[in-house]
Amino acid sequence: MVDRRDFLKASLLGASALALTGKGGAATAAPASGGAVARVISTWDFGVAANQAAWSVLARGGHALDAVEAGVMVPEADLKNHSVGRAGYPDRDGHVSLDASIMDADGSCGAVAALEHIAHPIQVARRVMERTPHVLLVGDGALQFALEQGFKREELLTPESAQAWKEWQKTAHYQPTANSERRDYGKTGLPGGKDNHDTIGMLAIDAHGRLAGACTTSGMAWKLRGRVGDSPVIGAGLYVDGEVGAATSTGVGEEVIRNAGSFLVVELMRQGRSPQEACHEAVMRIVKKRPNASKDLQVGFLAMNRAGEVGAFAIQPGFSYAVCDATRQDGLLPARSVF
Ligand code: SD4
């Protein structure tokens, strides 16, 4: 896999072509041919390739919902990506279990959690949205639904991920103590530590001004079996409101759930904050509640408002986000951070 820092450095050289506002380095809206903004953004450096798949939908005037679904399927299929989809790192007991959600501008949404053996959980999430009266299906029930819908049952644990799991087991059997993560992030805290992130969250606005978002992950590496993170929880890992904007998150999902993170970002934008200011404020809410833990804790938010303006903020440095629009398809920007 390309070293994250090298990739970031190389991509940033090119990213200067993006129009930037002074405060927070947030990208401004770029009009597409139809007069409205068309733009897609997503978390981390692998978002660059994902955005390009989404852009192929947006560029031909397609729907933002189709764009985000197509976009996040790229890292879901990437065997080198161990935090999303196939080849994701398993839970403590060796099971690859996936979380995903998708949301449209009108509040329609669907999600799956702790889903095993299905290579593209985002597609199942969309089926939940469009073909059931429900929002969230979990575990065996989600798998049953996927199989009924014609998805193929597959082994998602690759030899490389299995090897990493075996290596981890040699030194770090995860034996959590009750609420240990509330006190600190030491040895008895969450199993993946500060490196436990890399979910893909993607937000798009199409040439007709329609917003949509998607989020998909294998979650925290070595988690307890049955653990569900923020990514499939509407309002935590993803939220879209066509009147205001959209937000998504990456990092320690427990903290994002506790603070209803993505919903908070959208509500702050509703109150007049820019996407950048809203992400910053949501991060600070978490940090204030975790003064001792926040040096080891990573959470990042990414947001877009209905004008296509973008913002991002994280607790730790290193969070990057990919931006793609009519002017540039492979932008990658560093998010500002607390530390
Ligand atoms: C989770 N937010 O499950 C996710 C973690 C992540 O790659 O970013 N994973 O808590």
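The values are calculated or read from the model by the stated rules, or taken from the named source; none is laboratory data. As the structure is a prediction and not an experimental result, all values here were calculated from the model. Glycine gets a Cβ as well: all are built from the backbone with ideal geometry, and neighbour counts include every protein chain shown. Quick note on the areas: whole protein, heavy atoms, side chains included, nothing else; ligands and nucleic acids left out. Shrake-Rupley method; radii C 1.70, N 1.55, O 1.52, S 1.80 Å.
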## Note on the structure
Carbon and sulfur atoms account, in whole percent of the 1.4 Å probe accessible area of the stretch 204-339, for 49
### Query
How large is ³J(HN,Hα) for each residue in the stretch 266-272, as worked out from phi by the Karplus curve 6.51 cos²θ - 1.76 cosθ + 1.60 (θ = phi - 60°), to whole Hz, x for Gly and Pro?
5, 5, 5, 5, 4, 7, x
### Summary
Measuring from its Cα centre, the stretch 18-337 shows a charge dipole (+1 at each Lys and Arg Cβ, -1 at each Asp and Glu Cβ) which, in debye to the nearest 20, is 740
### Query
So what's the net charge close to Ser262: Lys and Arg +1, Asp and Glu -1, counting the other residues with Cβ under 12 Å from its Cβ?
-3
### Lysine pair count for the stretch 18-337 [Cα-Cα under 16 Å; pairs on different chains or 8 or more apart]
7
### Task
Using θ = phi - 60° and the Karplus relation 6.51 cos²θ - 1.76 cosθ + 1.60, list the HN-Hα couplings for the stretch 213-218 in order, rounded to whole Hz, with x at every Gly or Pro.
x, 8, 8, 8, 7, 8
### Query
Label Asp330 and Gln169 with points 7 Å out from Cα along Cα→Cβ: what is the distance between them in nm?
4.0
### Message
Suppose we take every Cα in the stretch 35-152 and form the convex hull; what volume per residue is that in Å³?
### Response
112
#### Entry: Packing-based ranking, highest mean first, of 247-256, 39-48 given that Cβ atoms within 10 Å are counted
247-256, 39-48
### Message
Leaving out ligands and nucleic acids, and using a 1.4 Å probe, what accessible area per residue does the stretch 264-319 come to in Å²?
### Response
38
#### Entry: Rounded if a/c under 1.5, otherwise prolate or oblate - the stretch 18-337, Cα gyration tensor axes
oblate
#### Entry: For the stretch 79-94, 3J(HN,Hα) per residue [Karplus equation, 6.51 cos²θ - 1.76 cosθ + 1.60, θ = phi - 60°, Hz, x = Gly/Pro]
6, 8, 9, 9, 10, 9, x, 4, 6, x, 5, x, 7, 3, 9, x
### Query
Counting only residues 5 or more places away or on other chains, whose amide H sits under 5 Å from the amide H of Phe313 once H atoms are built in the peptide plane?
Phe301
### Query
Amide H of Ile200: which non-local residues (sequence gap of 5 or more, or other chain) have their own amide H closer than 5 Å, using H built in the peptide plane?
Thr216
### Query
For Tyr321, which sequence-distant residues (separation of 5 or more, or a different chain) have an amide H within less than 5 Å of its own amide H, given hydrogens modelled in the peptide plane?
Trp44, Leu333, Ala335
